[in-house]
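The values are calculated or read from the model by the stated rules, or taken from the named source; none is laboratory data. Everything quoted here is computed from the prediction, not taken from an experiment. Here the Cβ positions follow ideal geometry from the backbone for every residue, glycine too, while neighbour counts run over all protein chains shown. All accessible areas refer to the heavy atoms of the entire protein, side chains included, with ligands and DNA or RNA removed. Shrake-Rupley method; radii C 1.70, N 1.55, O 1.52, S 1.80 Å.
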Amino acid sequence: MKNPFCLFGKRVAAPGLAVAAVLVLATQAHAVANPTCASLPNPVYIAGSSAVKPFAAVLAQALAAQATPITLIYSGPGSCIGVGYMTTNPPGKLTGGGTYWDTTLATPAFTGTCTTDDVNGGDTVNIGVSDVYAASCSATLDASVQDFHGPIQTMTFVVPISSTGGSTQGAISAEAAYLIYGFGGVTHPVSPWNDASYIEQRAATSGTQQMVAAYLGVPAAKFKGHGNGSSTLLIGSLATSLNGANAEKAIGILGADGADKNRTSLRELAYQHFNQSCAYLPDSSAMKFDKANTRDGHYPIWGPLHLITPVTSGVPTNANVKTVIDYLTLAVAPSFDLITVEAKGGVVPECAMSVAHTEEKDAAPMKAFSPTHSCACKFDVAAAAIAGASAPACATHTCTAANGTTDAACPTGAKICNYGYCEAK
(Lines give C-alpha, C1' and ligand atoms only; values in the text may rest on other atoms or scores of the structure.)
Protein backbone atom coordinates (compact mmCIF):
# COMPACT_ATOMS: atom_id res chain seq x y z
CA MET A 1 0.00 0.00 0.00
CA LYS A 2 1.43 3.37 -0.99
CA ASN A 3 1.97 5.58 2.02
CA PRO A 4 0.20 8.98 1.74
CA PHE A 5 3.02 10.72 3.62
CA CYS A 6 5.72 9.67 1.14
CA LEU A 7 7.36 12.78 -0.27
CA PHE A 8 6.28 12.91 -3.94
CA GLY A 9 6.29 9.07 -3.84
CA LYS A 10 9.89 9.12 -5.07
CA ARG A 11 13.20 7.79 -3.91
CA VAL A 12 15.99 10.17 -3.02
CA ALA A 13 19.02 10.14 -5.32
CA ALA A 14 21.87 7.81 -4.39
CA PRO A 15 25.21 9.08 -3.03
CA GLY A 16 27.47 10.52 -5.70
CA LEU A 17 24.50 11.96 -7.58
CA ALA A 18 22.76 15.28 -7.07
CA VAL A 19 20.25 14.92 -4.25
CA ALA A 20 17.13 16.37 -5.78
CA ALA A 21 15.04 17.85 -4.04
CA VAL A 22 19.96 34.11 21.44
CA LEU A 23 18.84 32.98 23.31
CA VAL A 24 18.36 36.71 24.16
CA LEU A 25 18.75 37.53 27.81
CA ALA A 26 16.08 40.08 28.65
CA THR A 27 17.16 42.16 31.62
CA GLN A 28 14.23 43.82 33.31
CA ALA A 29 14.56 47.12 35.15
CA HIS A 30 13.07 45.67 38.33
CA ALA A 31 15.28 42.57 38.40
CA VAL A 32 17.98 42.30 41.03
CA ALA A 33 21.40 42.38 39.36
CA ASN A 34 23.13 39.01 39.70
CA PRO A 35 21.58 37.65 42.90
CA THR A 36 23.06 34.46 44.26
CA CYS A 37 21.24 31.48 42.77
CA ALA A 38 20.82 29.94 46.21
CA SER A 39 18.98 33.05 47.45
CA LEU A 40 16.14 32.61 44.93
CA PRO A 41 12.98 30.85 46.20
CA ASN A 42 13.49 27.06 46.25
CA PRO A 43 15.95 26.88 43.35
CA VAL A 44 15.97 23.85 41.06
CA TYR A 45 19.08 23.67 38.85
CA ILE A 46 18.59 22.26 35.33
CA ALA A 47 21.62 21.86 33.06
CA GLY A 48 22.33 20.23 29.70
CA SER A 49 20.23 20.29 26.53
CA SER A 50 18.73 23.49 25.15
CA ALA A 51 15.53 21.67 24.10
CA VAL A 52 13.91 22.16 27.49
CA LYS A 53 13.93 25.97 27.21
CA PRO A 54 10.59 26.65 25.44
CA PHE A 55 8.36 24.77 27.87
CA ALA A 56 10.60 25.38 30.90
CA ALA A 57 9.88 29.08 30.48
CA VAL A 58 6.14 28.53 30.84
CA LEU A 59 6.67 25.96 33.56
CA ALA A 60 8.81 28.49 35.46
CA GLN A 61 5.91 30.92 35.55
CA ALA A 62 3.51 28.31 36.92
CA LEU A 63 6.00 27.12 39.53
CA ALA A 64 6.69 30.65 40.73
CA ALA A 65 2.96 31.22 41.26
CA GLN A 66 2.53 28.25 43.60
CA ALA A 67 1.89 28.73 47.30
CA THR A 68 5.45 27.49 47.79
CA PRO A 69 7.23 28.97 44.75
CA ILE A 70 9.99 27.14 42.88
CA THR A 71 12.65 28.93 40.81
CA LEU A 72 14.11 27.17 37.77
CA ILE A 73 17.79 27.98 37.20
CA TYR A 74 19.07 26.90 33.80
CA SER A 75 22.32 26.30 31.96
CA GLY A 76 22.59 24.81 28.45
CA PRO A 77 26.16 23.61 27.87
CA GLY A 78 25.06 20.54 25.88
CA SER A 79 23.34 17.20 26.41
CA CYS A 80 26.40 15.12 27.20
CA ILE A 81 27.58 17.68 29.71
CA GLY A 82 24.13 17.46 31.31
CA VAL A 83 24.56 13.68 31.53
CA GLY A 84 28.03 14.19 32.98
CA TYR A 85 26.66 16.08 35.97
CA MET A 86 24.73 12.92 36.92
CA THR A 87 27.58 10.40 36.61
CA THR A 88 28.97 11.24 40.05
CA ASN A 89 27.43 10.76 43.47
CA PRO A 90 26.69 13.39 44.62
CA PRO A 91 25.99 15.03 41.23
CA GLY A 92 28.33 17.59 39.67
CA LYS A 93 28.14 21.30 40.37
CA LEU A 94 27.22 24.22 38.13
CA THR A 95 29.78 27.01 38.03
CA GLY A 96 29.96 30.30 36.19
CA GLY A 97 26.39 31.28 37.07
CA GLY A 98 22.98 30.28 35.78
CA THR A 99 20.01 32.01 34.19
CA TYR A 100 16.48 32.22 35.52
CA TRP A 101 13.13 33.49 34.25
CA ASP A 102 11.28 36.71 34.94
CA THR A 103 7.89 35.20 35.71
CA THR A 104 6.10 38.56 35.89
CA LEU A 105 5.92 38.73 32.09
CA ALA A 106 3.09 37.29 29.99
CA THR A 107 5.80 35.43 28.06
CA PRO A 108 8.49 34.59 30.62
CA ALA A 109 11.97 35.74 29.64
CA PHE A 110 15.40 35.33 31.16
CA THR A 111 16.22 38.16 33.54
CA GLY A 112 19.94 37.57 33.38
CA THR A 113 22.30 35.55 35.50
CA CYS A 114 22.41 34.52 39.10
CA THR A 115 25.72 33.84 40.81
CA THR A 116 26.77 30.32 41.71
CA ASP A 117 28.95 29.60 44.74
CA ASP A 118 32.11 29.06 42.70
CA VAL A 119 34.36 29.65 45.72
CA ASN A 120 33.03 26.41 47.19
CA GLY A 121 32.90 24.52 43.89
CA GLY A 122 29.54 25.75 42.57
CA ASP A 123 25.89 24.79 43.08
CA THR A 124 24.76 21.17 42.76
CA VAL A 125 22.81 20.36 39.58
CA ASN A 126 19.40 18.82 40.34
CA ILE A 127 18.37 17.68 36.84
CA GLY A 128 20.73 16.78 34.02
CA VAL A 129 18.81 17.14 30.75
CA SER A 130 19.84 15.36 27.56
CA ASP A 131 18.47 14.74 24.08
CA VAL A 132 20.07 11.28 24.09
CA TYR A 133 20.61 8.30 26.36
CA ALA A 134 23.65 8.36 28.64
CA ALA A 135 25.23 5.53 26.64
CA SER A 136 25.37 7.75 23.55
CA CYS A 137 27.55 10.10 25.60
CA SER A 138 29.79 7.13 26.59
CA ALA A 139 28.50 7.51 30.15
CA THR A 140 27.03 5.11 32.69
CA LEU A 141 24.42 6.03 35.29
CA ASP A 142 24.38 4.17 38.59
CA ALA A 143 21.36 3.26 40.74
CA SER A 144 21.48 6.55 42.62
CA VAL A 145 19.89 8.38 39.68
CA GLN A 146 17.04 7.68 37.27
CA ASP A 147 16.34 8.74 33.69
CA PHE A 148 12.78 10.08 33.38
CA HIS A 149 11.48 10.55 29.83
CA GLY A 150 9.96 13.85 28.77
CA PRO A 151 8.55 14.87 25.37
CA ILE A 152 9.76 13.41 22.07
CA GLN A 153 12.28 15.44 20.07
CA THR A 154 12.93 15.21 16.34
CA MET A 155 16.29 16.00 14.73
CA THR A 156 16.42 17.31 11.18
CA PHE A 157 18.67 18.26 8.28
CA VAL A 158 18.18 21.88 7.20
CA VAL A 159 19.28 24.17 4.38
CA PRO A 160 19.16 27.98 4.16
CA ILE A 161 16.44 29.76 2.19
CA SER A 162 15.00 33.25 1.81
CA SER A 163 11.93 34.81 0.27
CA THR A 164 13.92 35.38 -2.92
CA GLY A 165 15.98 32.20 -3.18
CA GLY A 166 18.41 30.03 -1.29
CA SER A 167 18.96 26.30 -1.48
CA THR A 168 16.81 24.36 -3.93
CA GLN A 169 17.32 21.04 -2.13
CA GLY A 170 14.31 19.26 -0.70
CA ALA A 171 15.44 15.81 0.41
CA ILE A 172 18.41 13.75 1.53
CA SER A 173 19.12 10.04 1.94
CA ALA A 174 20.86 8.39 4.87
CA GLU A 175 23.58 7.20 2.50
CA ALA A 176 24.23 10.75 1.32
CA ALA A 177 24.19 12.14 4.87
CA TYR A 178 26.66 9.43 5.92
CA LEU A 179 29.12 10.53 3.24
CA ILE A 180 28.57 14.25 3.91
CA TYR A 181 29.17 14.10 7.65
CA GLY A 182 31.53 11.12 7.61
CA PHE A 183 33.80 12.33 4.81
CA GLY A 184 33.03 16.04 4.43
CA GLY A 185 31.48 15.52 1.02
CA VAL A 186 34.98 15.58 -0.50
CA THR A 187 36.46 12.06 -0.52
CA HIS A 188 33.12 10.75 -1.79
CA PRO A 189 31.43 13.83 -3.32
CA VAL A 190 27.72 14.29 -2.76
CA SER A 191 26.52 17.15 -4.90
CA PRO A 192 25.80 19.92 -3.99
CA TRP A 193 27.16 19.33 -0.45
CA ASN A 194 30.77 18.76 -1.50
CA ASP A 195 32.50 21.62 0.32
CA ALA A 196 33.18 20.99 4.02
CA SER A 197 33.35 24.77 4.62
CA TYR A 198 29.56 24.90 4.28
CA ILE A 199 28.68 21.65 6.04
CA GLU A 200 27.50 22.76 9.48
CA GLN A 201 27.78 20.46 12.48
CA ARG A 202 27.35 21.06 16.23
CA ALA A 203 29.80 19.32 18.59
CA ALA A 204 30.31 15.86 20.05
CA THR A 205 28.66 16.99 23.32
CA SER A 206 25.51 18.09 21.46
CA GLY A 207 22.47 15.85 21.80
CA THR A 208 21.42 16.78 18.27
CA GLN A 209 24.72 15.54 16.88
CA GLN A 210 24.75 12.44 19.08
CA MET A 211 21.28 11.41 17.93
CA VAL A 212 21.97 12.02 14.23
CA ALA A 213 25.24 10.12 14.66
CA ALA A 214 23.43 7.12 16.13
CA TYR A 215 21.15 6.90 13.11
CA LEU A 216 23.83 7.47 10.46
CA GLY A 217 26.52 5.30 12.03
CA VAL A 218 29.09 8.10 12.04
CA PRO A 219 30.68 8.76 15.47
CA ALA A 220 29.63 12.19 16.72
CA ALA A 221 33.25 13.13 17.43
CA LYS A 222 34.21 12.30 13.83
CA PHE A 223 31.67 14.55 12.09
CA LYS A 224 33.11 16.67 9.30
CA GLY A 225 32.31 20.30 8.63
CA HIS A 226 32.28 23.59 10.50
CA GLY A 227 31.59 23.28 14.23
CA ASN A 228 29.01 25.40 16.05
CA GLY A 229 28.74 25.71 19.83
CA SER A 230 24.96 26.12 19.79
CA SER A 231 21.90 25.83 17.57
CA THR A 232 21.80 29.63 17.39
CA LEU A 233 25.34 29.73 16.04
CA LEU A 234 24.56 27.01 13.50
CA ILE A 235 21.56 28.95 12.23
CA GLY A 236 23.79 32.01 11.95
CA SER A 237 26.37 30.05 9.96
CA LEU A 238 23.71 28.92 7.50
CA ALA A 239 22.55 32.52 7.15
CA THR A 240 26.12 33.55 6.33
CA SER A 241 26.23 30.93 3.57
CA LEU A 242 22.96 32.27 2.19
CA ASN A 243 24.17 35.86 2.19
CA GLY A 244 27.44 34.79 0.61
CA ALA A 245 25.64 33.11 -2.30
CA ASN A 246 26.71 29.66 -1.16
CA ALA A 247 23.28 28.47 -0.05
CA GLU A 248 23.29 25.51 -2.43
CA LYS A 249 26.40 24.10 -0.74
CA ALA A 250 25.15 24.64 2.82
CA ILE A 251 23.53 22.07 5.11
CA GLY A 252 23.14 21.70 8.88
CA ILE A 253 21.60 19.57 11.61
CA LEU A 254 19.04 21.03 13.97
CA GLY A 255 16.31 19.99 16.38
CA ALA A 256 12.80 20.44 14.99
CA ASP A 257 12.12 23.00 17.73
CA GLY A 258 14.72 25.30 16.17
CA ALA A 259 13.78 24.46 12.59
CA ASP A 260 10.09 25.15 13.21
CA LYS A 261 10.81 28.62 14.58
CA ASN A 262 12.95 29.53 11.58
CA ARG A 263 10.94 28.30 8.62
CA THR A 264 11.31 31.62 6.79
CA SER A 265 15.09 31.15 6.71
CA LEU A 266 15.46 27.35 6.85
CA ARG A 267 13.97 24.41 4.98
CA GLU A 268 13.81 20.99 6.60
CA LEU A 269 14.90 18.23 4.23
CA ALA A 270 12.75 15.18 3.83
CA TYR A 271 14.84 12.24 4.99
CA GLN A 272 15.04 8.72 3.54
CA HIS A 273 16.54 6.33 6.06
CA PHE A 274 18.45 3.16 5.20
CA ASN A 275 16.11 0.59 3.59
CA GLN A 276 13.27 3.10 3.22
CA SER A 277 11.77 3.58 -0.23
CA CYS A 278 10.74 7.21 0.26
CA ALA A 279 11.83 10.41 1.99
CA TYR A 280 9.69 11.85 4.76
CA LEU A 281 9.42 15.19 6.52
CA PRO A 282 8.81 15.12 10.29
CA ASP A 283 5.41 16.72 9.59
CA SER A 284 2.73 15.62 7.14
CA SER A 285 3.71 18.59 4.93
CA ALA A 286 6.06 21.57 4.96
CA MET A 287 3.10 23.75 5.97
CA LYS A 288 2.16 21.71 9.04
CA PHE A 289 3.50 21.34 12.58
CA ASP A 290 1.77 18.03 13.38
CA LYS A 291 4.91 15.83 13.50
CA ALA A 292 2.71 13.16 11.91
CA ASN A 293 5.61 11.23 10.37
CA THR A 294 7.57 11.31 13.61
CA ARG A 295 4.57 10.14 15.60
CA ASP A 296 3.84 7.15 13.34
CA GLY A 297 7.47 6.17 12.77
CA HIS A 298 7.92 7.10 9.11
CA TYR A 299 10.42 9.78 10.10
CA PRO A 300 12.96 7.90 12.24
CA ILE A 301 15.35 10.41 13.83
CA TRP A 302 13.70 11.07 17.19
CA GLY A 303 13.98 10.28 20.86
CA PRO A 304 12.72 11.41 24.27
CA LEU A 305 14.09 14.27 26.32
CA HIS A 306 15.96 12.68 29.23
CA LEU A 307 15.52 14.15 32.72
CA ILE A 308 18.12 12.58 34.99
CA THR A 309 18.00 13.16 38.75
CA PRO A 310 18.91 11.47 42.05
CA VAL A 311 16.17 9.17 43.34
CA THR A 312 15.15 7.35 46.48
CA SER A 313 13.21 4.13 45.76
CA GLY A 314 12.56 5.36 42.22
CA VAL A 315 11.18 8.75 43.31
CA PRO A 316 13.12 12.02 42.86
CA THR A 317 14.84 12.67 46.16
CA ASN A 318 14.24 16.42 46.04
CA ALA A 319 10.51 17.19 46.40
CA ASN A 320 10.76 20.33 44.25
CA VAL A 321 12.52 18.36 41.53
CA LYS A 322 9.72 15.78 41.65
CA THR A 323 7.20 18.56 40.98
CA VAL A 324 9.17 19.73 37.93
CA ILE A 325 9.60 16.22 36.51
CA ASP A 326 5.97 15.26 37.19
CA TYR A 327 4.90 18.22 35.06
CA LEU A 328 7.40 17.64 32.22
CA THR A 329 6.49 13.93 32.01
CA LEU A 330 2.74 14.65 32.40
CA ALA A 331 2.67 12.29 35.39
CA VAL A 332 0.69 15.13 36.97
CA ALA A 333 -1.46 17.43 34.84
CA PRO A 334 -0.02 20.95 35.18
CA SER A 335 -2.21 23.99 35.75
CA PHE A 336 -1.31 25.30 32.30
CA ASP A 337 -1.68 23.83 28.80
CA LEU A 338 1.64 21.99 28.51
CA ILE A 339 0.61 20.00 25.42
CA THR A 340 0.02 23.21 23.45
CA VAL A 341 3.30 24.61 24.78
CA GLU A 342 5.08 21.46 23.55
CA ALA A 343 3.42 21.67 20.13
CA LYS A 344 4.62 25.27 19.82
CA GLY A 345 8.05 24.15 20.97
CA GLY A 346 8.37 21.56 18.20
CA VAL A 347 8.27 18.54 20.53
CA VAL A 348 5.67 15.80 20.98
CA PRO A 349 4.28 14.51 24.30
CA GLU A 350 4.56 10.74 24.57
CA CYS A 351 0.77 10.53 24.82
CA ALA A 352 0.51 11.71 21.18
CA MET A 353 2.85 9.00 19.84
CA SER A 354 1.79 5.75 18.14
CA VAL A 355 5.28 4.20 18.05
CA ALA A 356 8.01 3.64 20.61
CA HIS A 357 11.54 2.24 20.57
CA THR A 358 12.01 -1.44 21.38
CA GLU A 359 15.10 -0.77 23.52
CA GLU A 360 16.34 1.92 25.88
CA LYS A 361 18.92 3.28 23.46
CA ASP A 362 19.15 5.78 20.64
CA ALA A 363 18.28 4.59 17.12
CA ALA A 364 16.68 1.39 18.41
CA PRO A 365 14.05 -0.29 16.17
CA MET A 366 10.45 0.85 16.54
CA LYS A 367 7.29 -0.92 17.63
CA ALA A 368 3.62 -0.02 17.84
CA PHE A 369 2.73 1.98 20.95
CA SER A 370 -0.52 2.87 22.67
CA PRO A 371 -0.28 5.42 25.51
CA THR A 372 -2.24 4.90 28.70
CA HIS A 373 -4.19 8.10 28.07
CA SER A 374 -3.88 9.36 24.50
CA CYS A 375 -3.60 13.08 23.77
CA ALA A 376 -3.40 12.70 19.99
CA CYS A 377 -6.45 14.85 19.31
CA LYS A 378 -5.38 17.54 21.74
CA PHE A 379 -1.96 17.70 20.06
CA ASP A 380 -3.50 17.74 16.56
CA VAL A 381 -5.74 20.64 17.54
CA ALA A 382 -2.79 22.58 18.93
CA ALA A 383 -0.64 21.86 15.85
CA ALA A 384 -3.40 22.95 13.49
CA ALA A 385 -3.77 26.23 15.35
CA ILE A 386 -0.03 26.93 14.99
CA ALA A 387 -0.31 26.43 11.22
CA GLY A 388 -3.46 28.58 11.05
CA ALA A 389 -5.34 25.55 9.71
CA SER A 390 -8.84 24.36 10.49
CA ALA A 391 -9.25 22.05 13.46
CA PRO A 392 -8.96 18.31 12.73
CA ALA A 393 -12.04 16.12 12.54
CA CYS A 394 -11.45 14.71 16.02
CA ALA A 395 -12.14 18.17 17.47
CA THR A 396 -15.82 17.75 16.62
CA HIS A 397 -16.28 15.85 19.86
CA THR A 398 -15.23 17.80 22.92
CA CYS A 399 -15.79 16.50 26.42
CA THR A 400 -15.44 17.51 30.03
CA ALA A 401 -14.69 14.34 32.00
CA ALA A 402 -11.35 13.78 33.70
CA ASN A 403 -8.62 11.81 31.91
CA GLY A 404 -9.46 8.16 31.51
CA THR A 405 -13.15 8.63 32.30
CA THR A 406 -15.96 7.80 29.91
CA ASP A 407 -17.89 10.87 28.79
CA ALA A 408 -21.41 10.77 27.37
CA ALA A 409 -20.37 13.29 24.70
CA CYS A 410 -17.90 10.82 23.21
CA PRO A 411 -18.99 8.51 20.37
CA THR A 412 -18.43 4.76 20.29
CA GLY A 413 -14.80 3.97 19.42
CA ALA A 414 -13.52 7.19 20.99
CA LYS A 415 -15.31 7.03 24.29
CA ILE A 416 -12.63 8.21 26.71
CA CYS A 417 -12.30 11.89 27.48
CA ASN A 418 -8.65 13.02 27.64
CA TYR A 419 -7.58 16.65 27.80
CA GLY A 420 -11.00 17.81 26.58
CA TYR A 421 -11.23 15.57 23.51
CA CYS A 422 -12.55 12.07 22.85
CA GLU A 423 -9.95 9.34 22.44
CA ALA A 424 -10.07 5.57 21.99
CA LYS A 425 -7.90 5.15 25.08
Which of rounded, prolate or oblate describes region 165-235 when judged by the alpha-carbon gyration tensor and an a/c cut-off of 1.5?
oblate
Karplus-derived HN-Hα couplings along region 410-415 (A = 6.51, B = -1.76, C = 1.60, θ = phi - 60°), whole Hz, x at Gly and Pro
8, x, 4, x, 9, 8
Roughly speaking, to the nearest percent, how much of region 285-358's 1.4 Å accessible area is carbon and sulfur?
57 percent
Each residue of region 128-137 in turn: what ³J(HN,Hα) in whole Hz from Karplus with 6.51, -1.76, 1.60 and θ = phi - 60°, glycine and Pro shown as x?
x, 10, 9, 7, 10, 5, 4, 4, 5, 9
FRET efficiency, 1/(1 + (r/R0)^6) with R0 45 Å, evaluated for THR124 and LYS425 via beta carbons:
0.65
Pairs to check: LYS344/LYS378; LYS288/LYS367; LYS222/LYS261; LYS344/LYS425; LYS361/LYS425; LYS261/LYS344. Give those whose C-alpha atoms are more than 19 Å from each other in this structure.
LYS288/LYS367; LYS222/LYS261; LYS344/LYS425; LYS361/LYS425
Please calculate how many Å² of accessible area region 287-334 carries per residue, with a 1.4 Å probe and no DNA, RNA or ligand atoms counted.
33 Å²
Of all DSSP beta bridges having both residues in the chain, the percent classed as antiparallel (nearest 5) is 75 percent
Heavy-atom surface of region 78-165, accessible at 1.4 Å and reported per residue (Å²):
38 Å²
Neighbour-limited loop hits for trypsin sites (Lys or Arg not before Pro), region 304-387 (at most 15 other Cβ within 10 Å; DSSP other than H, G, I, E, B)
LYS361
Using modelled backbone amide H atoms (1.01 Å from N, in-plane), which distant-in-sequence or interchain residues come within less than 5 Å of VAL145's amide H?
VAL311
Per DSSP, the loop-located trypsin sites (Lys or Arg not before Pro) within region 164-262 having at most 13 other beta carbons within 10 Å are none
Dividing the alpha-carbon Rg of the chain by 2.2 N^0.38 Å yields what?
0.98
Run down the lysines and flag those whose C-alpha is under 23 Å from the C-alpha of LYS322, throwing out any fewer than 8 positions away in its chain.
LYS53, LYS93
Long-range amide H contacts for VAL355: which residues qualify at under 5 Å (H placed 1.01 Å from N, peptide plane, sequence gap of 5 or more or a different chain)?
PHE369
Sequence-distant residues sharing a close amide H with TYR299 (under 5 Å, placed H)
THR294
Please report the antiparallel percentage of the DSSP beta bridges confined to region 34-190, to the nearest 5.
55 percent
Which lysines have a Cα less than 17 Å from the Cα of LYS249, not counting those fewer than 8 places away in the same chain?
LYS224
For region 173-245 and region 349-425, distance of Cα centres in Å:
35 Å
Dipole moment magnitude, nearest 20 debye, region 119-277 about Cα centre, only Lys, Arg, Asp, Glu C-beta charged:
360 debye
Cβ-derived FRET efficiency at R0 60 Å, ALA333 paired with SER162, nearest 0.05:
0.90
Going residue by residue through region 294-308, the Karplus relation 6.51 cos²θ - 1.76 cosθ + 1.60 with θ = phi - 60° gives ³J(HN,Hα) values, rounded to whole Hz and with x marking Gly or Pro, of 6, 5, 9, x, 5, 9, x, 8, 8, x, x, 6, 9, 10, 9
Using a 1.4 angstrom probe with every protein chain in place, what is the largest-first accessible-area order of PHE183, PHE223?
PHE183, PHE223
